[in-house]
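A short write-up of the structure that comes next.
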Amino acid sequence: MREKGWQVFPTARKPEDLARLKAEGFHPIEIDMADSTSIQFAARDVLAACGGKLGGVVNNAGFGQPGAMEDLSREAMRRQFEVNVFGLQELNNLLVPVFRKQGAGRIVNVSSVVGRISLPFLGIYCASKFALEAMSDSLRVELVDSGIAVSLIEPGPIITQFRRNAVDQAEEQISLEDAEYGKLMIKEIKRRRERQKKEDFWNKPPEAVAVKIAHALESSKPKRRYCVTPAAYFGTYMRRFAPYSLTDYVLAKQVRRKRQKVKEMTDAE
């Protein structure tokens with residue numbers, strides 16, 4: 001977006017990421033989406049840096065908490081929503097008055113195809129994206145005639161550090177030795193740490209998402225939703241036209257395969 005003439009204020013939580021962004025010529029803003037005070041300071045800092053006028057906000061911060069629903073603690077589920085839902089909307093609420101005063105502004109919320117169709121072992125992450133979809137739909141209508149547009153970006157598999165970060169969350173938040181699918185998750189963690197996905201028909205680079213974000217920010221008629229990657233289009237199609245009995249059947253086959261692998265691993269010990 002900087003190449004298009006936008007003044008971009010990227011955000012980060014870790015000092016090393018902030019330093020890297022600064023070295024690249026940006027004015028980075030420190031923010032922790034799980035910390036209300038940090039969000040308030042970040043909104044204040046960015047408005048001060050841009051003279052109180054802002055063209056739009058892109059809410060891309062978030063993480064995925066993997067794990068079977070029965071293995072997730074209340075703390076793990078709360079943190080997923082604090083970052084992906086509550087913190088995101090708190091930031092929007094701080095910026096909406098600025099957009100209202102200007103009579104214009106863009107809010108771009110980055111959701112996921114799993115905001116449409118829920119997957120096993122990603123239930124709480126899917127729940128956070130379902131919530132984001134519902135909130136965005138309400139906000140878009142509430143802001144009618146304000147000059148503020150609200151768009152959702154719905155990616156499928158994108159080649160980023162997201163999967164590895166999810167692995168870290170699994171190790172931190174779940175007692176894998178005691179989890180029902182713990183042994184399989186330990187194996188999956190090892191596989192994901194050793195394997196780096198490559199760009200192909202299903203897996204797209206971050207630039208594919210950036211193209212959609214740019215349209216949502218710049219178009220005179222931004223879309224309500226933007227699918228990214230074939231998987232996102234397919235998932236949206238399935239949720240719209242396929243009965244739940246069919247999607248349950250397809251996904252249940254995956255669960256049964258995983259359960260069989262756990263049994264084989266247990267029997268081999």
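The values are calculated or read from the model by the stated rules, or taken from the named source; none is laboratory data. This is a predicted model, so every value here is computed, not measured. Glycine also receives a Cβ, built like all others from the backbone with ideal geometry; neighbour counts cover every protein chain displayed.
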What do you reckon, is E30 under 24 Å from I158 (Cα atoms) and either surrounded by fewer than 20 Cβ atoms within 10 Å (Cβ to Cβ) or not aromatic (F, W, Y) (or both)? no
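I'd like the full set of residues that are basic (K, R) and either over 22 Å from A214 (Cα atoms) or within 13 Å of the chain's Cα centre (by Cα) (or both), limited to the range 48-95.
Quick first cut of the range 48-95, residues basic (K, R) only: 53, 74, 78-79.
Of everything in the range 48-95, those that are basic (K, R) and either over 22 Å from A214 (Cα atoms) or within 13 Å of the chain's Cα centre (by Cα) (or both) turn out to be R74, R78, R79.
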Collect the residues in the range 157-178 that are of a type in the set (A, V, I, L, M) and either in contact with a Gly (Cβ under 9 Å, 6 or more places away or on another chain) or on the phi > 0 side of the Ramachandran plot (or both), keeping them in residue-number order. A166, A170, I174, L176
Meets criteria (of a type in the set (D, E, K, R) and either more than 30 Å from R2 (Cβ to Cβ) or out of contact with any strand residue (DSSP E or B) (no Cβ under 9 Å at 6 or more places or on another chain) (or both)) for R224: no
From the list A210, A166, A149, A179, pick out the single residue that is more than 19 Å from the chain's Cα centre (by Cα), closer than 30 Å to V108 by Cα and in contact (Cβ under 8 Å) with a residue 60 or more places away in the chain. A149
The lone exception for F121 - which of (1) farther than 30 Å from F241 by Cβ; (2) at pLDDT below 95 it fails: (1)
Of the residues that make up the range 239-260, is at least one under 20 Å from the mean Cα position of the chain (by Cα) and on the phi < 0 side of the Ramachandran plot? yes
